[in-house]
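In what follows, a single structure is set out as structure tokens and then discussed.
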Amino acid sequence: MMQAAQINTSAPGEKSDRDVAGQEFLAFTLGKEEYGIDILKVQEIRGYETVTRIANAPEFIKGVVNLRGIIVPIVDMRIKFNLGTPTYDQFTVVIILNIGGRVVGMVVDSVSDVITLSPEQIKPAPEMGTALNTDYLIGLGTVDQRMLILVDIDQLMSSAEMGLIDKLAA
């Protein structure tokens, strides 16, 4: 059986933007696992500060903070993903995200670095009953001996169970 030849639309010696650029992910830890989110969604990274609790909010929504005049809901991903009792120390970090024009804070154990992954380094996530619904996964990114669980932060934060952001326009 003959295989179809792949058609290359770029000029000889020219790489397409996607090949060259790769995708940048901010690597962070929750428990013993390392995760990654699209760096373009990250507005800033801050230390954890006390939040104002909101009555009747789900447990994973720690409360809100006033960030330069914007009231930002803070989601503790360790509670959301059922990763045991969270501790708040000097390493606890809040990643401020900008998703669909809404600003949301995400509490994680620590942030390590920014990693550029080429499309070949991103493998599809296996279907398995994990704490993290695979609908919210882009896949698994591998760099040397590291494996990052790549989270589709848009999908996760705009999911009905989070109730934070209206569904993003397709």
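The values are calculated or read from the model by the stated rules, or taken from the named source; none is laboratory data. Predicted model, so just to flag it, every value in this text is computed and none were measured. Neighbour counts run over all protein chains shown; Cβ positions are idealised from the backbone, glycine included.
Which residues, counting only those in region 31-59, are among the aliphatic types (A, V, I, L, M) and either over 25 Å from I122 (Cα atoms) or crowded, with 16+ Cβ neighbours inside 10 Å (or both)? Of everything in region 31-59, those that are among the aliphatic types (A, V, I, L, M) and either over 25 Å from I122 (Cα atoms) or crowded, with 16+ Cβ neighbours inside 10 Å (or both) turn out to be I37, V42, V51, I54, A55, A57. Considering region 68-90, and only residues there that are buried (at least 17 other Cβ atoms within 10 Å of the Cβ) and aliphatic (A, V, I, L, M), the residue that is nearest to the chain's Cα centre (by Cα) turns out to be M77. In this structure, G22 does not satisfy being touching a helix residue (DSSP H, G or I) at 6+ places or on another chain (Cβ under 9 Å), modelled with pLDDT under 95 and closer than 20 Å to F91 by Cβ.
Looking across region 25-47 at every residue that is farther than 20 Å from V72 by Cα and among the acidic types (D, E), the one that is modelled with the lowest pLDDT is identified as E33. Of the residues making up region 84-117, those that are in contact with a helix residue (DSSP H, G or I) (Cβ under 8 Å, 6 or more places away or on another chain) and assigned to a loop (DSSP other than H, G, I, E, B) are G84, P86, G100, D109. Among the residues of region 127-145, those that are at pLDDT below 75, part of a loop (DSSP other than H, G, I, E, B) and surrounded by fewer than 17 Cβ atoms within 10 Å (Cβ to Cβ) comprise E127, M128, G129, T130, A131, N133. Of all residues in region 70-95, those satisfying the criterion of being touching a residue at least 24 places away in the same chain (Cβ under 8 Å), farther than 15 Å from V42 by Cβ and either of a type in the set (F, W, Y) or touching a Ser or Thr at 6+ places or on another chain (Cβ under 9 Å) (or both) are R78, F81, Y88, T92. For region 61-83, taking the residues that are of a type outside the set (D, E, K, R) and assigned to a loop (DSSP other than H, G, I, E, B), the one that is nearest to S158 (Cα to Cα) is identified as F81. In the condition set (1) touching a helix residue (DSSP H, G or I) at 6+ places or on another chain (Cβ under 9 Å); (2) of a type outside the set (F, W, Y); (3) in a strand (DSSP E or B), P58 is compliant with all but (3).
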